[in-house]
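S.K.: Submitted below is the structure of interest, expressed as structure tokens.
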Amino acid sequence: MSFYRRHGHEIPALNTASLPDLIFTILFFFMLVVHMRKVTVKVKYQVPAGTELTRLVNKSAVSYIYIGKPMNGWGQVEKDRLQVQMNDKLTSIPEIKQYLIRSREEMSSEDRQAMTVSIKADQQTDMGTIIDLKQTLREANALKVNYSGVYRTEKNK
Amino acid sequence: MMFRKRNRRKVPGLNTTSTADISFMLLILFLVSSSMDLDQGIARQLPPIDKDREKQTEAMVNSRQLMKFQISKDNKVLLNGKDFKIGSVRAAVEKFVSSNGKGHIIQLQADRKSSYNTYFEVQNEIMAAYSALRNHRSMEEFGKAYDLCSVEQQQKISDEIPVRISEVYEIQAQENEGGGEQ
């Protein structure tokens, strides 16, 4: 011990000047990867699992239809009856047609060709609802459909 | 000039200690307000509502080239009227499509009381069969998987193995047949 020099080295303070840069990098990463939630989902649904899934591209041309049990602001199921939600509000199937026709008119011409409807329906939905919905979509001339699903892993099989 | 003091005053450095905190807050804001879930699903093309489509479909249907799937109201899958396991749908479709080539038609009819989950699974199995066949064909022809082929190559293969699924819509009482092809 006594061989060492006595005056203690002071540990230099950690230089945190680059910390903001690091965090900004993470921030930009998230801004690029993630997309913002545009709608508040008012129904509770669990999409079926599959393996042959394709990703939705061109998000601006996609309309979303949710089918599930309505829930309140705290995420609790209120009613046991299935409800249809189109983009931002709860509707019924016949109203969707008018809405789709109107939103098609608002789209740019490129988007109009790629117009897709993403159906996010609960697993327990009866096919009657789906068939009626598909018929409505055909009447509204929105023919590209995407049945939303999650990728099947061994766990949720 | 001479009266001024000579020593230049230094501009003090801006204190940037809180920049990290500010950017952390922005980061957390983005984490909270965004969703990471991928939008993916089975893409399908619905048939347009046309008055003259009746003639079209009738002309093409040949009973030997027709594979008829039904989903009963207790979620059982029937092939040509007989009970069928959902696990064997893929192999059956693969065999059927490869033996019948371009002329085949797969008909899918779901009861109004059956569940969406079963329907989705059958669709998934059929699409899996098609993609297996397409992959096989592209491996033979171009030596790579279908997804890795160029757009023209994919077009060529999808012309050889078209997805021909027709869905029967049961609307309330009467039946309405519509040919759904991609």
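The values are calculated or read from the model by the stated rules, or taken from the named source; none is laboratory data. No experiment lies behind these values; they were computed from the predicted model shown. Don't worry about glycine lacking a Cβ; one is built from the backbone with ideal geometry, like all the others, and counts go over all protein chains shown. Side chains included, ligands, DNA and RNA excluded: accessible areas come from the protein's heavy atoms. Shrake-Rupley method; radii C 1.70, N 1.55, O 1.52, S 1.80 Å.
S.K.: With charges set only on the Cβ (+1 for Lys and Arg, -1 for Asp and Glu), what does the dipole of the range A:43-151 come to about its Cα centre, in debye to the nearest 20?
M.R.: Numbers: 15 positive and 13 negative charges, 12 e Å.
The calculation lands at about 60 debye.
S.K.: On to the next question. First compute the accessible area of the range B:62-170 with a 1.4 Å probe, then give the percent of it belonging to carbon and sulfur atoms. Don't skip to the end; give the middle numbers.
M.R.: Values: 2590 of 5280 Å².
That share works out to 49 percent.
S.K.: To the nearest 10 Å², what's residue B:25's accessible area with a 1.4 Å probe?
M.R.: The value for residue B:25 is about 140 Å².
S.K.: Then there's this: Can you compute the helix-only [θ] at 222 nm over chain A? Use -39500 (n - 2.57) per DSSP H run of at least 4 residues, normalise by all residues, nearest 500 deg cm²/dmol.
M.R.: Details: 4 runs with 47 residues, N = 157.
My calculation for chain A gives -9000 deg cm²/dmol from helical runs alone.
S.K.: Let me ask you something else. Run the paramagnetic zone check for residue B:26: 7 angstrom along Cα to Cβ, then residues of the range A:23-63 with backbone nitrogen under 13 Å.
M.R.: A:23-32
S.K.: Could you point to the residue in B:150, B:166, B:114 farthest towards the positive end of the range B:62-170's charge dipole, with +1 and -1 charges on the Cβ of Lys/Arg and Asp/Glu respectively?
M.R.: Highest projection toward the positive end goes to B:114.
S.K.: For B:22, A:67, give the ranking by accessible area with the largest first, probe 1.4 Å. Could you put the intermediate results ahead of the total?
M.R.: Details: B:22 100, A:67 0 Å².
Of B:22, A:67, the descending order of accessible area is B:22, A:67.
S.K.: Roughly how much accessible area, to the nearest 100 Å², goes out of reach of solvent when B and A pair up, both sides summed, probe 1.4 Å?
M.R.: Working: alone 13950 and 12470 Å², together 21750 Å².
Interface area, both chains combined: 4700 Å², rounded to the nearest 100.
S.K.: I've got another one for you. Among the residues of the range A:21-60, which ones have their accessible area go down by 50 Å² or more when all the protein chains sit together, as opposed to their chain alone (1.4 Å probe)?
M.R.: The answer is A:23, A:27, A:30, A:34, A:35, A:36, A:37, A:48, A:52, A:55.
S.K.: Out of A:101, A:142, A:119, whose Cα points farthest toward the positive end of the dipole of the range A:60-157 (charges: +1 Lys, Arg; -1 Asp, Glu; placed on Cβ)?
M.R.: It is A:119, whose Cα lies furthest towards the positive end.
S.K.: Still on this model: If I ignore ligands, DNA and RNA and count only protein heavy atoms, how much of residue A:105 is accessible to a 1.4 Å probe, in Å² to the nearest 10?
M.R.: Approximately 130 Å² for this residue.
S.K.: May I pose another question? About the Cα centre of the range B:62-170, how large is the charge dipole given +1 on each Lys and Arg Cβ and -1 on each Asp and Glu Cβ? Please answer in debye to the nearest 20.
M.R.: Numbers: 16 positive and 14 negative charges, 73 e Å.
Dipole magnitude for the range B:62-170 comes out near 340 debye.
S.K.: Give me a comma-separated list of calculated 3J(HN,Hα) values for the range A:133-142, in order, Karplus coefficients 6.51, -1.76, 1.60 applied at θ = phi - 60°, integers in Hz, x for any Gly or Pro.
M.R.: These are the phi-based 3J(HN,Hα) values: 5, 5, 5, 5, 5, 5, 5, 7, 6, 9 Hz.
S.K.: Beyond 23 Å between alpha-carbons counts as too far, so tell me which of A:59/A:79; A:79/B:85; A:79/B:76; A:44/A:89 fall in that bin. Please list the in-between numbers first.
M.R.: On the way: A:59/A:79 31 Å; A:79/B:85 34 Å; A:79/B:76 28 Å; A:44/A:89 14 Å.
Violating the 23 Å Cα-Cα cut-off are A:59/A:79; A:79/B:85; A:79/B:76.
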